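The next block holds one structure in the form of structure tokens; read it before the comments.
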Amino acid sequence: MKVGLIGLGIMGYRIGANLAKANKLNVVYDRTQEKAESFVKEYKVNRALNPKELVESSDVIITMLADDNAVKSIVEPLIPLMKGKILIDMSTISPTLSISLAKRIESNGGTMFDAPVIGTSIFVEQKKLIVLVGGPKDKFDIVNDIAKETASSVVYMGPNGMGLYAKLVNNLLLGSYVAAIAEAYNFGIRAGLDPQQVINILTTLSSARSPTTELKAPKLLKEDYSTQFATKHMRKDLEIVIKEAQNLKIITPISSLALQLYKMTEALGYSEVDFISIVEVFKKLSPKT
């Protein structure tokens with residue numbers, strides 16, 4: 001079974017590396033030629049010149065792309081080529097769009113899974129991603145056999161779209177929680193606590209401590225906004241949450257507020273860096289005494 005990967009961004013590059021090391025990756029494509037050439041040179045796989053070429057030489061196609069527009073622009077032209085093939089989309093996009101694409105691929109004789117991931121680039125490198133899978137259960141074993149090479153857990157969530165809804169549950173909580181961590185940290189600093197004391201509260205003493213505080217608190221202390229998960233991606237995911245919530249007639253007041261805070265973070269110039277940079281909103285907009 002030949003596997004192709006489209007998308008060599010922060011996550012895709014590392015996922016591809018894990019698959020290549022496990023001898024489960026044959027060909028890659030990225031619109032940035034330098035990224036693709038670098039990957040091919042490092043991991044000795046083939047490079048496709050375009051997505052059509054990759055699909056034609058693969059049995060299973062993995063996509064790891066930025067957003068709805070990126071997935072739609074790549075996948076839609078490939079639908080007529082999907083007969084007998086499997087698409088595993090690991091992007092975080094709107095469930096509504098994913099379900100629509102899956103139906104069209106199925107009508108052309110192919111199969112699509114949504115398989116978004118929980119975890120940052122560090123988790124990929126440690127092979128500790130959680131992969132949440134939506135799609136036909138009778139072919140889940142194929143997805144599991146590939147995804148297990150880059151994950152600690154591959155979980156079947158239900159039919160198409162359910163993997164994405166599960167991912168949105170996680171990111172609704174994560175985005176709101178990190179905003180609260182940043183607010184609490186800034187509150188403690190402005191009150192006069194030693195920064196290390198605040199970090200100790202967040203990571204050790206608090207009943208609300210979590211793996212997220214352990215990961216993000218050191219970045220707060222060092223003002224280290226190097227990207228594990230970009231602000232623009234968290235903003236995008238919360239926009240999806242709000243849109244899907246409107247379709248489902250669900251109220252989402254907390255994540256709606258968090259979305260506005262991440263938009264403010266981007267407006268301050270922190271779009272491309274880690275979303276813990278949301279702390280700068282609290283720092284910059286709290287009046288100086």
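Read-outs throughout are calculated quantities, based only on the coordinates presented, and are distinct from any laboratory measurement. Just so it is clear, the model here is predicted, and its values are computed rather than measured. Glycine gets a Cβ as well: all are built from the backbone with ideal geometry, and neighbour counts include every protein chain shown.
Taking 0.36 nm per residue of separation and subtracting the Cα-Cα distance, full extension of the segment from S152 to K263 would add 36.7 nm.
Phi angles of the stretch 214-229 translate, via the Karplus equation with coefficients 6.51, -1.76, 1.60 and θ = phi - 60°, into HN-Hα couplings of 5, 7, 8, 4, x, 5, 4, 4, 8, 6, 9, 9, 4, 7, 9, 8 Hz per residue; Gly and Pro are given as x.
Listed values for the stretch 38-54 are Karplus-derived 3J(HN,Hα) couplings in whole Hz (6.51 cos²θ - 1.76 cosθ + 1.60, θ = phi - 60°), namely 4, 5, 4, 5, 6, 10, 6, 10, 7, 10, 8, 7, 7, x, 4, 4, 5, and x replaces Gly and Pro. Highest mean packing comes first when the peptides 49-57, 260-268 are listed by Cβ atoms within 10 Å, giving 260-268, 49-57. Shape call for the stretch 36-86 from the C-alpha gyration tensor, a ≥ b ≥ c root eigenvalues: rounded (a/c under 1.5), prolate (a/b greater than b/c) or oblate? Taking the square roots of the gyration eigenvalues as a ≥ b ≥ c, the stretch 36-86 is oblate. Cut-off under 12 Å on the C-alpha distance; same-chain residues fewer than 8 positions from K24 excluded. Which aspartates and glutamates are left, in chain and number order? Candidates past the 8-residue exclusion: D59, D145, E149.
Can you give the net charge of the other residues whose Cβ lies under 11 Å from the Cβ of K148, counting K and R as +1 and D and E as -1? Taking every Cβ under 11 Å from that of K148, the sum is -1. In straight-distance terms, cross-link reach from K263 covers every one of the lysines whose alpha-carbon lies under 26 Å from its own, apart from those fewer than eight places away in the same chain; here that gives K72, K167, K216, K219, K222, K232, K236, K243, K249, K283, K284, K288. 3J(HN,Hα) couplings calculated from phi for the stretch 128-135 with the Karplus curve 6.51 cos²θ - 1.76 cosθ + 1.60 (θ = phi - 60°) are, in sequence order, 10, 5, 9, 9, 9, 10, x, x Hz; Gly and Pro show x.
By the rule of a C-alpha distance below 13 Å, with chain neighbours fewer than 8 residues away ignored, the aspartates and glutamates paired with K137 are D114.
Residues whose amide H comes within less than 5 Å of that of Q228, counting only those at least five positions distant or on another chain, are D274, F275 (H built at 1.01 Å from N in the peptide plane). Charges were assigned to the Cβ only: +1 to each Lys and Arg, -1 to each Asp and Glu. The resulting dipole of the chain about its Cα centre is roughly 80 debye.
The modelled label-to-label distance between N108 and Q196, using points 7 Å beyond Cα along the C-beta direction, is 5.9 nm.
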